[in-house]
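Visitor: For reference, the structure I am asking about is given below.
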Amino acid sequence: MTVVGLGPMGRAMARAFLDAGHGVTVWNRTASRADALVAGGAVLASSIEDALRPNDLVILSLTDYEAMYAVLEPATSELSGRVIVNLSSDTPEKTRAGARWITAHGGTHITGGVTVPPSGIGSRDSYTFYSGPREAFERHRSTLEALTTTDYRGEEPGIAALMYQIGMVMFWTSMLGHWQAIALADAHGLSAQDILPHATATMASLPEFLAFYTKRIDAGDHDGDVDRLAMGMASVEHVLHTNADAGVDTTLPAAVAELFRRGMNAGHGSDSFSSLVEQLKKHV
Ligand code: NDP
């Protein structure tokens, strides 16, 4: 196959395909990023057209969909009959538009959402969401499994991107929570390493909360029998004031407190803090 885009992710993917015994043609705007891959047996194409021509299966690993247009625009005549597996991340809307664009040029677009960093490529413990035409996906499934296991979500092109974004909204906010904790610790002379065991235990406790509240949320049950929003409000204000007293940035704890306050103002003080889900949902 052909791999277009050799950032850390594209390089890990090309390497995994080589390790699985596939012939790999690569292309990247900055050609020097292909050096180690070429030493490992990949063929570096001298133009994007030459990269597309030899293979029916083309993997894109670019920063976003804008980069896809920038790269493929000069070579649209080569898209016809090819399956473009786009493992660049972007919004579901942009992936739908990208799929229409590839289709209009006679190609088949499969959206991918890779859920692991480059170090997870090549592992059976990793998974990637895919969506797009079923037949084309099934034809290439076993090849794609050299990267990670596959989680096919149906033909709608945006759904793989949506599943990816669902993971990312959790990832970025959780990691930012950790950066906040480190900043607070630092203000008191503690290093990131000092708090690592406590941080890890705190994060490791979350799956239990997810499982417990998921059942109730799907049943529309926000009973305050286990926790009450009013208790949570007091707690997030302690968090906010602890950070303010330490002189660290309070943007994140203030935003959390603001969401709790909205729930309180809407009269949910005696309900569980899971009732905040209702504040966050789309209101039509
Ligand atoms: P990078 O942004 O580091 O690399 C992206 C590639 O896109 C590079 O090859 C770069 O070329 C190319 N590129 C960007 N803009 C243009 C342009 N205008 N024209 C031509 N080429 C362009 O991303 P990663 O390799 O880290 O990731 C690739 C994709 O995978 C991203 O969409 C990312 O969100 C997703 N992903 C990444 C993860 C990670 O941990 N890295 C985890 C999960 C998903 P050049 O080398 O010339 O700059």
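The values are calculated or read from the model by the stated rules, or taken from the named source; none is laboratory data. This structure is a prediction, so every number in the text was calculated from the model and none was measured. Here the Cβ is made from the backbone with ideal geometry for all residues, glycine too, and neighbour counts use every protein chain on show. Just so you know, the surface numbers come from the protein's heavy atoms only, side chains and all, with ligands and any DNA or RNA stripped out. Shrake-Rupley method; radii C 1.70, N 1.55, O 1.52, S 1.80 Å.
Visitor: Near LYS94, which aspartates and glutamates are there with a Cα under 18 Å away, not counting those fewer than 8 places off in the same chain?
Guide: List returned: ASP64, GLU66, GLU73, GLU155, GLU156.
Visitor: Please report, in debye to the nearest 20, how large the charge dipole of region 1-144 is about its Cα centre when each Lys and Arg carries +1 at its beta carbon and each Asp and Glu carries -1 there.
Guide: That gives region 1-144 a dipole magnitude of about 200 debye.
Visitor: Another one. Restricting attention to region 12-82, which trypsin sites (Lys or Arg not before Pro) occupy a DSSP loop and are surrounded by at most 15 other Cβ atoms within 10 Å?
Guide: ARG29
Visitor: What is the pair-distance distribution P(r) of the chain, computed from all Cα-Cα distances in 10 Å bins starting at 0, with each bin given as a whole percent?
Guide: 6, 23, 26, 19, 17, 8, 1
Visitor: Suppose R0 equals 25 Å. What FRET efficiency, 1/(1 + (r/R0)^6) with r the Cβ-Cβ distance, do MET203 and THR251 give to the nearest 0.05?
Guide: That pair, MET203 with THR251, gives E of 0.75.
Visitor: How big is the antiparallel share of DSSP beta bridges in the chain, given as a percent to the nearest 5?
Guide: In the chain, approximately 15 percent of DSSP beta bridges are antiparallel ones.
Visitor: Over region 163-280, give the accessible area per residue in Å² for a 1.4 Å probe, as an integer.
Guide: 63 Å²
Visitor: Please list the equivalent ellipsoid semi-axes of region 1-58, computed as the square roots of five times the alpha-carbon gyration tensor eigenvalues, in descending order and whole angstrom.
Guide: Whole-Å semi-axes of the equivalent ellipsoid: 14, 13, 10.
Visitor: Say the dipole of the chain comes from +1 at the beta carbon of Lys and Arg and -1 at that of Asp and Glu; which of LEU196, VAL85, MET9 then lies farthest toward its positive end?
Guide: Going by the Cα projections, it comes out as VAL85.
Visitor: Can I ask one more? First obtain the Kirkwood hydrodynamic radius of region 92-219 from its Cα pairs, then insert it into the Stokes-Einstein equation at 25 °C and 0.890 mPa s, and state the resulting D in µm² per second as a whole number.
Guide: Translational D for this selection: 141 µm²/s.
Visitor: For the chain, give the magnitude of the charge dipole about the Cα centre (Cβ charges: +1 Lys/Arg, -1 Asp/Glu; no others), in debye to the nearest 20.
Guide: About 620 debye.
Visitor: Right, another one. What Kirkwood hydrodynamic radius do you get for region 163-280 when you take the inverse of the mean 1/r over all pairs of distinct Cα atoms, in Å?
Guide: 15.6 Å
Visitor: Going through region 98-207, which GluC sites (Glu not before Pro) have at most 15 other Cβ atoms within 10 Å and a DSSP loop state?
Guide: Sparse-neighbourhood loop GluC sites (Glu not before Pro): GLU145, GLU155.
Visitor: Next question. Three principal axis extents, largest first, for the C-alpha atoms of region 2-156, in Å?
Guide: Computed over the Cα atoms, the extents are 38, 37, 25 Å.
Visitor: Another question, then. Where both residues lie in region 2-156, what percent of DSSP beta bridges are antiparallel, nearest 5?
Guide: 15 percent
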